[in-house]
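Down below is the structure, laid out as structure tokens.
The values are calculated or read from the model by the stated rules, or taken from the named source; none is laboratory data. Keep in mind that this is a model prediction, so the values were computed, not measured. Glycine gets a Cβ as well: all are built from the backbone with ideal geometry, and neighbour counts include every protein chain shown. Protein only, heavy atoms only, side chains kept; ligands, DNA and RNA dropped before computing areas. Shrake-Rupley method; radii C 1.70, N 1.55, O 1.52, S 1.80 Å.
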Amino acid sequence: MPPAKKRPRAYDHLRTRTAVLAQFAHVRDAVAGLTPEQLARPTRLGDWTVHDLVAHIALGLGAVSRDLSLPEPPGPKPATTLLEWAPAVAAAVRDTTAPPPSAGRPDLPALYGEVEAGFLADVPASGTGDRLVATRVGSMRLADYLVTRTVELVAHTDDLNAALGLEIPYDRQALAACTRLLADTLADRAPGGSVEVRVPPFAVVQCIGGPKHTRGTPPNVVETGALTWVRLATGRTEWARALADAEVSASGERADLAELLPLMG
């Protein structure tokens with residue numbers, strides 16, 4: 001009999017909204033000071049320049065307003081749940097023939113102002129977030145959709161910091177939501193209780209079928225920091241490299257996540 005899956009984690013819609021806006025503001029403030037030379041630098045995202053990455057970050061949040069402008073999909077249940085989002089995104093291959101995100105977007109501060117104003121107008125600071133939204137991976141609850149924006153913002157803030165050697169800060173609530181969603185996605189992909197994955201201070205999940213511990217320290221433990229976990233889950237770094245660099249500790253014969261990662265990317 002397969003292991004039972006746990007009830008999905010609940011996220012506070014308004015706290016997530018605040019976190020999304022806070023992380024976007026951190027990026028916006030950094031973008032305002034970038035020079036043309038910095039914008040032309042390469043990133044770790046294929047052929048994208050920093051300009052492309054910065055435009056993509058804005059357009060990723062702008063997708064909320066765009067999708068909310070469409071008719072609400074028929075309900076009452078969403079086609080895509082929060083834990084199905086990452087696998088669905090991983091299956092969507094980026095169109096390499098499409099123009100880069102920065103095409104036709106030379107004025108980045110104006111783009112960021114436009115996106116932020118649209119988000120504030122379209123996602124009010126009230127409500128439950130139960131409205132269904134048509135997204136590129138299927139209809140989702142607005143509250144869940146905003147949680148996915150924390151993953152986009154945190155991962156791409158890390159990309160921007162890596163490309164430019166900056167220290168753009170991470171909003172604690174945005175980082176927490178991003179970390180928890182990716183940890184829960186792992187537990188959903190490989191249900192079980194033989195391995196405990198710890199990402200302090202934000203998440204602890206159990207995964208992978210096999211003997212389950214009931215008390216004390218479990219025999220199989222993986223522990224890492226939040227940003228390393230985000231990089232592993234989104235394909236920014238590899239399991240073997242993270243182990244070699246002592247960014248991950250793994251104890252026990254089952255504490256090997258190599259075949260389960262990345263969750264998206």
| request: May I ask you to order 168-178, 144-154 by the average number of other C-beta atoms within 10 Å around their residues, highest value first? | output: 144-154, 168-178
| field | Of V248, V54, V133, the one that fluctuates the most in a GNM where the chain has Cα springs shorter than 10 Å | value | V248
| field | Helical mean residue ellipticity (222 nm; -39500 (n - 2.57) per DSSP H run of 4+; nearest 500) of the chain | value | -14500 deg cm²/dmol
| message | Starting from 0.36 nm per residue, how many nanometres of slack lie between A134 and A40 once their C-alpha separation is accounted for? | response | 30.5 nm
| note | Going residue by residue through the stretch 223-230, the Karplus relation 6.51 cos²θ - 1.76 cosθ + 1.60 with θ = phi - 60° gives ³J(HN,Hα) values, rounded to whole Hz and with x marking Gly or Pro, of 9, 7, x, 4, 5, 4, 4, 4
| log₁₀ of I(q)/I(0) at q = 0.15 Å⁻¹ - the chain, Debye sum with one point per alpha carbon | -1.14
| Between S102, S194, S126, which gets the highest mean-square fluctuation from a Gaussian network model of the chain, Cα cutoff 10 Å? | S126
| field | Å² of accessible area per residue within the chain, as computed with a 1.4 Å probe and no ligands counted | value | 49
| said: Per-residue counts of other Cβ atoms within 10 Å, averaged by peptide: what ranking do you get for 222-231, 202-211, highest first? | reply: 222-231, 202-211
| task | Report relative contact order for the chain in percent, whole number only (criteria: Cα-Cα under 8 Å, sequence separation at least 6). | result | 21
| query | Using a Gaussian network model of the chain with C-alpha springs under 10 Å, which one of G192, G60, G127 is most mobile by mean-square fluctuation? | reply | G127
| field | 10 Å beta-carbon shell around G113, net charge (K/R +1, D/E -1) | value | -2
| remark: Taking the stretch 34-114, the equivalent ellipsoid from its C-alpha gyration tensor has semi-axes in Å, biggest first, of 29, 17, 10
| field | Amide H within-cut-off set for T135, under 5 Å, with H built and near neighbours excluded | value | M140
| remark: For the chain, the accessible surface attributable to carbon and sulfur atoms (probe 1.4 angstrom, ligands and nucleic acids excluded) amounts in percent to 54
